[in-house]
Structure formats: C-alpha cells, structure tokens
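> Before we start, here is the structure in question, set down as structure tokens.
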Amino acid sequence: MVNAKSAAPKLDQVCAAAVDLARSALDEDHVGPHIAVVAEAERVVTHFFECSLPGYQGWRWAVTVTRVSRSKHVTVSETVLLPGDDALLAPTWVPWNERLQPGDLGVGDLLPTKADDDRLVPGYVLSDDPAVEEVSWELGLGRPRTMSREGRMETAQRWYDGDHGPEAPISTGAPANARCGTCGFYLPLAGSLRQAFGACGNLFAPDDGRVVTADHGCGAHSEVLLETVVVVEELPTVFDDNEIESVPVGHSPGSVPDEAGPEPYGHS
C-alpha cells in the first residue's frame, strides 16, 4: 500500500556541509551570512544566504548543490535570488489597459481599442437600439463599429453616478425645479440615451459642453430664476366739474367781514 503523503526528503549531510562551495558560486560583494539549508530531494540540498544588494531587503540567495550516489564530490546545480517572508516585492503586474484611468490620455497619446471590446459591435450588424437603427437606415450611414447595448449601459451608469448626475453637489444645492430636462439650454442626445441624457449648452453653466442627466440641475436653469413682474395699471385722476358744493368761509376773530359776503369755495 502506497502512502498518499510522501515522506520529506532526508537532508544529505555531505551536501549540507558544502557551505563554502555554495558561497563560492555567488558574488561575494553582495552575499551575507549563511542562514539556512533545506533538503530538496535525495542528495539535493539548497543553501540560503542573506542578500546585501541595495533595494533587496529581505531577499536571499539560494544555491542548490547535489552529488551522485556513493560520491563525496558535490557540485553546484543552480543559483537564484528569492524573496523571503519579509521581502519588499513589486506590486503584481497589471496590463496597461486595466491600469488606465479616465483622464490619463494626454495630448498626442494613442489609445488602441481591443478588437473584442465588449462595448463595441460591428457597424454592419443591425443595432439593437431601435432609434439608432431607424436613423442609420434613413441616412445610409455606417461606421466600422458602434456601441453595444452593454457598452451603452455601462456608459449610462457611469454618467449617472458621476459629477453630472442628480447626486452631484451642484445639483442637490440647486432649486428642486431647476432640472436640466426642463431647461431651455438642454440638448437631448440621440438614440435610446436621449430619454435620460443630454448636453448642456449654457455658456454660463458649470456643465457647459458636458453630458448631464435629465434630473441633474444647477442655478443657471433657463426658467427657475425668472420672476413674474405684475404690472399695475393705475387709473388717471378724473375731476367732475358738474357738481360743486358751496362751503362757507369763516373769518378770524377781529377781522372785518366782506360786505359782499363770503364767496363759495368749490371742490370736486
């Protein structure tokens, strides 16, 4: 019966004693003290030395030695620099197209698109967007590739959650009725995205020239700041000369009354 777990190899004492031979296979300028010896297989041993190379803290040199059966002559098989448990390691390599972030593309940079990009579909295939399909047939225009439904959904979600969506600080700080969808400067997009997105065309708005959601908003709304001025028409003053009321005029004490008597004072 074979044991599923193979026994650990026995440390070969002849190979284990060949520390000087292992050290001689390395550059003496960057080799520190001998720190360990490990049995790799029958008559195969690896010696570990500290590494003093600048920038390789925690790394160690590994020298594997071996010998043939019934021979005391030890030879070096290979040398390699390996990281220890506390070694400083470089971060895991990530392909450039996965490291790329919005805004990384600069002037003169080229960003090739993968041939199998899930966001694009061949332009000669009928679009799954009815609005785009209708316009394409009418105009007879086409492009090598157009955005797929998956690409449009990812774009819509990114725009909606971004700085030009309903939760942006400038939007939440605007009046409740100052929504882009009701603004005169709002330019709806084409296709199915027109239901929720458009471009701002207000020169004085912070989102001018950017895609905004219909429920985004700001203080530069075309209608929200208008105040209705109520014009009050005042009637002209009219004097009616047909009715005159006589009012007696009194005299102050000690004055001489007019012989002709008081004259009537008329007013309207």
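> Filter segment 28-69 down to the residues that are farther than 13 Å from Q13 by Cα and either open to solvent by less than 40 Å² (accessible area, probe 1.4 Å) or of a type in the set (K, R) (or both) and list them by number.
V31, G32, A36, F48, F49, C51, G58, R60, A62, V63, T64
> May I ask you to say which residue of P206, P175 is out of contact with any Asp or Glu (no Cβ under 6 Å at 6 or more places or on another chain) and farther than 25 Å from G103 by Cα?
Working: P206 fails: farther than 25 Å from G103 by Cα.
Going through P206, P175 in turn, the sole match is P175.
> Which helices (runs of 4 or more DSSP H) sit wholly inside segment 1-112 and have at least 3 residues that are among the hydrophobic types (A, V, I, L, M, F, W, C)? Lay out the reasoning, then the answer.
Values: elements: 13-16, 19-24, 96-99.
Correct list: 13-16, 19-24.
> From the list G219, G198, which one is surrounded by 10 or more Cβ atoms within 10 Å (Cβ to Cβ), modelled with pLDDT of 85 or more and in a loop (DSSP other than H, G, I, E, B)?
Details: G198 fails: in a loop (DSSP other than H, G, I, E, B).
Being surrounded by 10 or more Cβ atoms within 10 Å (Cβ to Cβ), modelled with pLDDT of 85 or more and in a loop (DSSP other than H, G, I, E, B) holds for just one of G219, G198, which is G219.
> I'd like to check something: does segment 144-154 contain any residue that is more than 23 Å from the chain's Cα centre (by Cα), farther than 14 Å from D215 by Cα and open to solvent by 40 Å² or more (accessible area, probe 1.4 Å)?
Among the residues of segment 144-154, at least one is more than 23 Å from the chain's Cα centre (by Cα), farther than 14 Å from D215 by Cα and open to solvent by 40 Å² or more (accessible area, probe 1.4 Å), which makes the answer yes.
> Report, ordered by the first and then the second residue, all pairs with beta carbons closer than 7 Å, sequence separation of six or more or different chains, a first member in segment 148-167 that is among the acidic types (D, E), and a second member that is open to solvent by 30 Å² or more (accessible area, probe 1.4 Å) and part of a loop (DSSP other than H, G, I, E, B).
Listed pairs, sorted by first residue: E150/D118; E150/R119; E154/R119.
> Something else about it: I'm checking my understanding of the structure. Among residues of segment 77-92 that are at pLDDT below 90 and open to solvent by 100 Å² or more (accessible area, probe 1.4 Å), which one is farthest from E50 (Cα to Cα)?
Of everything passing the filter in segment 77-92, T92 is farthest from E50 (Cα to Cα).
> So for segment 26-41 (the condition being touching a residue at least 40 places away in the same chain (Cβ under 8 Å), of a type outside the set (S, T, N, Q) and out of contact with any helix residue (DSSP H, G or I) (no Cβ under 9 Å at 6 or more places or on another chain)), does at least one residue qualify? It would help to see each step written out before you state the result.
First pass over segment 26-41, keeping only residues touching a residue at least 40 places away in the same chain (Cβ under 8 Å): 26.
If we keep only those that are of a type outside the set (S, T, N, Q) as well, we get 26.
Those still in the list that are out of contact with any helix residue (DSSP H, G or I) (no Cβ under 9 Å at 6 or more places or on another chain) too: 26.
The answer is yes, given that some residue of segment 26-41 is touching a residue at least 40 places away in the same chain (Cβ under 8 Å), of a type outside the set (S, T, N, Q) and out of contact with any helix residue (DSSP H, G or I) (no Cβ under 9 Å at 6 or more places or on another chain).
The values are calculated or read from the model by the stated rules, or taken from the named source; none is laboratory data. From a predicted model like this one, the values you see are computed outputs, not experimental measurements. Neighbour counts run over all protein chains shown; Cβ positions are idealised from the backbone, glycine included. With ligands, DNA and RNA removed, areas are computed over all heavy atoms of the protein, side chains included. Shrake-Rupley method; radii C 1.70, N 1.55, O 1.52, S 1.80 Å.
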